[in-house]
Amino acid sequence: AIIAPESIPNELRNQIWQSVTFMKCHNWGTIYELLLPKKGNFDEDKVHEDVKKAYNDDEETSTTVFNVIKAYLNFDPEVEYNEELLAIVSLLLKQAECETVTLFGLVCTLMKYYHLREFFLNNEFNEMNKIIFEFDRMLEDCDTELYNHFLQQGIKSKMFVNEWIRSIFQKIGFEFKEQVKTIDLVIFYGFEVLLSIGCHALIFNREKLITMEYEELLVLLKDGHEIYSSA
């Protein structure tokens, strides 16, 4: 229900994305050219393999996606590569159909300045703890009974929220048009909107969740697909 209404007209989306995120205030072309030749502190063969698998024989697109990922990981080396990052880059490319530098700028903007990067860090940063705290308070305010049930069963939000957010643009169950509208919401309202979507998905499934115990809950919540696809 949150992402169903029409938001930005599709023919204007690319222009609005770039305008709202102030992309033209950054010299992404120079940054990209400086970062691309650098040896990345990540497994380039793994990235090559995943990109090639995703795009089969489309060599031109594969090269674009690989170069953007490589340059971004050099731009923000604390972020670890995984398939969810590839999914975000692929989604932006499919929607925007833009030049490589513009795609690189969009990825950097969403990850760095809209804080999606926090979900791709492989350690316990204070910022991630704040995000989990915010999600907990949101769920507690919206459905205290469900929140208390999770507590009683030993379920903590950090067991599943991070994976949910990372997967929301890949395997969580949204169609392409819904994924694009989710990007719209992030750009206009910040990454916190993803927590709201997750919270409402849980509440929609509350009648089922409230009857489940720890092991069942953990399996269902860590996967996330059934929760989102039924909401």
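The values are calculated or read from the model by the stated rules, or taken from the named source; none is laboratory data. What you see is a predicted model; the values in this text were computed from it and never measured. Cβ placement follows ideal geometry from the backbone for every residue including glycine, while neighbour counts extend to all protein chains displayed. Protein only, heavy atoms only, side chains kept; ligands, DNA and RNA dropped before computing areas. Shrake-Rupley method; radii C 1.70, N 1.55, O 1.52, S 1.80 Å.
For the range 79-139, what does the relative contact order come out to in percent, with C-alpha contacts under 8 Å and a separation of six or more?
On the way: 21 pairs, mean separation 22.6, N = 61.
Answer for the range 79-139 is 37 percent.
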Query raised in the report: Got a number for the accessible area of Ile155? Probe 1.4 Å, square angstrom, nearest 10.
Result: 10 Å²
Query raised in the report: Heavy-atom accessible area of His115 with all protein chains present, probe 1.4 Å, nearest 10 Å²?
Result: 70 Å²
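Stretched out fully, how many nm does the piece from Thr63 to Glu175 gain, at 0.36 nm a residue minus the Cα gap? Numbers along the way, then the final one.
Working: separation 112, 0.36 × 112 = 40.32 nm, distance 2.52 nm.
Result: 37.8 nm gained on full extension.
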Query raised in the report: aspartates and glutamates near Lys39 by alpha-carbon distance under 16 Å, same-chain residues fewer than 8 away left out - which ones?
Result: Asp76, Glu78, Glu80
Requested in this report: State the answer as a single residue: which of Thr64, Asn41, Leu86 lies farthest towards the positive end of the charge dipole of the range 30-89, with beta carbon charges of +1 for Lys and Arg and -1 for Asp and Glu, about the Cα centre.
Outcome: Asn41
Query raised in the report: Quick one: what Rg and Dmax do you get for the range 88-221 from the alpha carbons, in Å?
Result: 16.0, 51
**Report entry** Of Lys112/Lys181; Lys130/Lys156; Lys38/Lys112; Lys53/Lys158; Lys53/Lys94; Lys156/Lys208, pairs whose Cα-Cα distance is over 22 Å
**Finding:** Lys53/Lys158
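Per DSSP helix of 4 or more residues, -39500 (n - 2.57); summed, then divided by the residues of the chain. What does that give at 222 nm, rounded to the nearest 500?
Working: 14 runs with 151 residues, N = 231.
Dividing the helical sum by the residues of the chain leaves -19500 deg cm²/dmol.
Relative to the compact globular guide of 2.2 N^0.38 Å, what is the alpha carbon radius of gyration of the range 35-165, as a ratio?
Normalised Cα radius of gyration, the range 35-165: 1.25.
Considering Cα pairs under 8 angstrom that are at least six residues apart, work out the relative contact order of the chain and quote it in whole percent.
Working: 205 pairs, mean separation 50.1, N = 231.
With pairs under 8 Å counted, the relative contact order is 22 percent.
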Requested in this report: Report the local net charge at Asp141: Lys and Arg +1, Asp and Glu -1, summed over other residues whose C-beta lies under 15 Å from its C-beta.
Outcome: -4
Requested in this report: Subtracting the Cα-Cα distance from 0.36 nm times the residue separation, let me have the gained length for Ser196 to Val219 in nm, one decimal.
Outcome: 6.1 nm
Query raised in the report: When the dipole is taken about the Cα centre of the chain, and only Lys, Arg (+1) and Asp, Glu (-1) are charged at their Cβ, what size is it in debye, to the nearest 20?
Result: 480 debye
